[in-house]
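Structure record follows, encoded as structure tokens.
Just so it is clear, none of the values below were taken in a lab; they were calculated from the coordinates. All figures in this text were calculated on a predicted structure; none of them were measured in a lab. We place every Cβ from the backbone using ideal geometry, glycine too, and count neighbours over all the protein chains shown.
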């Protein structure tokens, strides 16, 4: 199992760094675009629509690729009041279940995202922005993000299974 886990952890380590960097770049672009919009409106009296339209168009590229790294670091939204009443062993079983559901869900949402991306690619639709961008660029974040989530879910599923096995053998 470790022969499979080490390359997966290496790949996920690189993916984590890349996605966090891209997320920081996207947030920076969003802030700069909105600041530039306010500045141009203040100086010239009118602004450029694409400064305001760019941040919502980037949100999907901020959210979906970050699902896996946030799951691994535990920085996702969670309800933790039940875990205060559970043993550490039962918490591991709950996490194992969550990682399994996350892995299965990532397959389902990857397929749906890929289908949507292909559909909008074939339709040739453009975003309703001042700058012409194909709408499939935005939808591509779905399959990309869910592949990343699947890889992280698989890693967490394996490591949690190993922890449960090691706990039971001692």
Point to revise | Selection from the range 66-100 of residues that are assigned to a helix (DSSP H, G or I), exposed (fewer than 13 other Cβ atoms within 10 Å of the Cβ) and more than 16 Å from the chain's Cα centre (by Cα) | key: 82, 84, 85, 88, 89, 90, 97
Review point. Residue 105 fails exactly one of the following numbered conditions: (1) surrounded by 16 or more Cβ atoms within 10 Å (Cβ to Cβ); (2) within 15 Å of the chain's Cα centre (by Cα); (3) closer than 30 Å to residue 7 by Cβ. What is the number of that condition?
Key: (1)
Check your understanding: Can you name the number of the only condition in (1) within 28 Å of residue 76 (Cβ to Cβ); (2) in a loop (DSSP other than H, G, I, E, B) that residue 128 fails?
Key -> (1)
**Study point:** The lone exception for residue 140 - which of (1) touching a helix residue (DSSP H, G or I) at 6+ places or on another chain (Cβ under 8 Å); (2) surrounded by fewer than 19 Cβ atoms within 10 Å (Cβ to Cβ) it fails
**Key:** (2)
Check your understanding: Can you spot a residue in the range 144-152 that is buried (at least 18 other Cβ atoms within 10 Å of the Cβ), closer than 30 Å to residue 49 by Cβ, in contact (Cβ under 8 Å) with a residue 12 or more places away in the chain and in contact with a helix residue (DSSP H, G or I) (Cβ under 7 Å, 6 or more places away or on another chain)?
Key -> yes
Exercise for review: Select from the range 19-58 the residues that are free of Cβ contacts under 8 Å to residues at least 12 places away in the same chain and either touching a helix residue (DSSP H, G or I) at 6+ places or on another chain (Cβ under 8 Å) or closer than 21 Å to residue 102 by Cα (or both) and write down the one among them that is surrounded by the fewest Cβ atoms within 10 Å (Cβ to Cβ).
Suggested key: 46
Point to revise | Near pairs, Cβ below 9 angstrom, 6+ apart or cross-chain, from the range 108-137 (in contact (Cβ under 8 Å) with a residue 60 or more places away in the chain) to any residue that is part of a strand (DSSP E or B) and surrounded by 13 or more Cβ atoms within 10 Å (Cβ to Cβ) | key: 127/134; 133/126
